[in-house]
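The values are calculated or read from the model by the stated rules, or taken from the named source; none is laboratory data. Nothing here was measured: the structure is a model prediction, and the numbers come from that model. For accessibility, only protein heavy atoms count, side chains too; no ligands or nucleic acids. Shrake-Rupley method; radii C 1.70, N 1.55, O 1.52, S 1.80 Å.
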Amino acid sequence: MAESYWHLKNCILFEHLAVADIERMESVSKFRQIKRGEPVYLPADSADGVLVLISGRVKICQITADGKQSIMTFIEPGELFGEFAVIANDARNEYAEAIINSQVALVPKQEMLALMERFPAISIGISKIIGFRLQRIERRLRNLLFQSNRKRLIHLIIELVERYGQPMDGGIRLNIKLTHLEMANVIGSTRETVTVVLGHLQEENLIQIERRQITVTNLEKLATEVDERTPKVKRAESGPVECAV
């Protein structure tokens, strides 16, 4: 069986499909290698299918009215993205870009719709992905409108803890390295402001920063400051991955 089968099987939405179904999906999907900094798709591109990230890391972005990049989310291997293709006939309204060299699989829209019709669990899974990402965007929008730069950055750090946090002696290390500009593009701020706020958080012994590696040393206090619950952190299996742009 082709190696790509194992990649598609690693997508949580497809992990319970039979071998024949995976092989069928593999046979009609298109696999692409995307170099660092290259687009996976652009705004106004045809929404002709959903994508699965096989390897690497991708960011989903929009361009603001003043021409700045706004990062909506990061996509990790095994995750599905471009999911709005299954519910709308419109062109894509955001763009996806490879942060590091990546491989993606494009599952055609009609194939995905057929799978959703045959397997209700996949349809429910797609709905959950859409709902979760819309909820996250709405939360960031509220933060952007009503929260200070400090609180927006703390919200981002807590979100990264939930997704990339690894418990270790002295705190929780984030297994992702983001530039100050990338953080600014997520929270709607500037690189200079992010640098200043991170410096203040480090002076207050809430975080430690070494070679762009952030370790959260007082998660409970950070969560309390922004009225968030203290997230539970699962032990990660891999080391930090760099987001180089």
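Between 0 and 90 degrees, the angle of helix 19-28 with respect to the longest Cα principal axis of the chain falls at about 90 degrees. Output the 0 to 90 degree angle, nearest 10, between the alpha-carbon long axis of helix 149-164 and the longest principal axis computed from the alpha carbons of the chain. Roughly 50 degrees, rounded to the nearest 10. Shown for the stretch 117-245 is the translational diffusion coefficient from the Stokes-Einstein equation, using the Kirkwood radius over Cα pairs, a temperature of 20 °C and a viscosity of 1.002 mPa s: 136 µm²/s. Across all Cα atoms of the stretch 135-188, the radius of gyration (one decimal) and Dmax (whole number) stand at 11.9, 36 Å. Quick one: divide the alpha-carbon radius of gyration of the stretch 34-90 by 2.2 N^0.38 Å and tell me what you get. My calculation over the Cα atoms of the stretch 34-90 gives 1.17. Pairwise Cα separations in the stretch 81-135 fall into 5 Å bins from 0 onward with the following percentages, short to long: 4, 16, 24, 26, 19, 10, 2, 0.
Compactness of the stretch 1-98 was expressed as the Cα radius of gyration divided by 2.2 N^0.38 Å, which yields 1.15. With helices as the sole contributors, the chain gives -12500 deg cm²/dmol at 222 nm; each DSSP H run of n ≥ 4 counts as -39500 (n - 2.57), and the sum is divided by every residue. Rounded to the nearest 10 degrees, the inclination of helix 109-118 to the longest alpha-carbon principal axis of the chain is 80 degrees. Of all DSSP bridge pairs formed entirely within the chain, close to 95 percent run antiparallel. When the residues Arg32, Arg140, Arg211 are ordered by accessible surface, computed with a 1.4 Å probe over the protein chains alone, the sequence from largest down reads Arg211, Arg32, Arg140.
Shape summary of the chain, radius of gyration then Dmax from alpha carbon positions: 18.9, 57 Å. The fraction of all Cα pairs in the stretch 96-184 landing in successive 5 Å bins from 0 to the largest distance is 3, 10, 12, 16, 18, 15, 12, 9, 4, 1, given as whole percents. Using heavy atoms of the protein chains and a probe of 1.4 Å, the accessible area assigned to Arg212 is about 80 Å². Kirkwood's formula applied to the C-alpha pairs of the stretch 182-231 gives a hydrodynamic radius of 11.7 angstrom.
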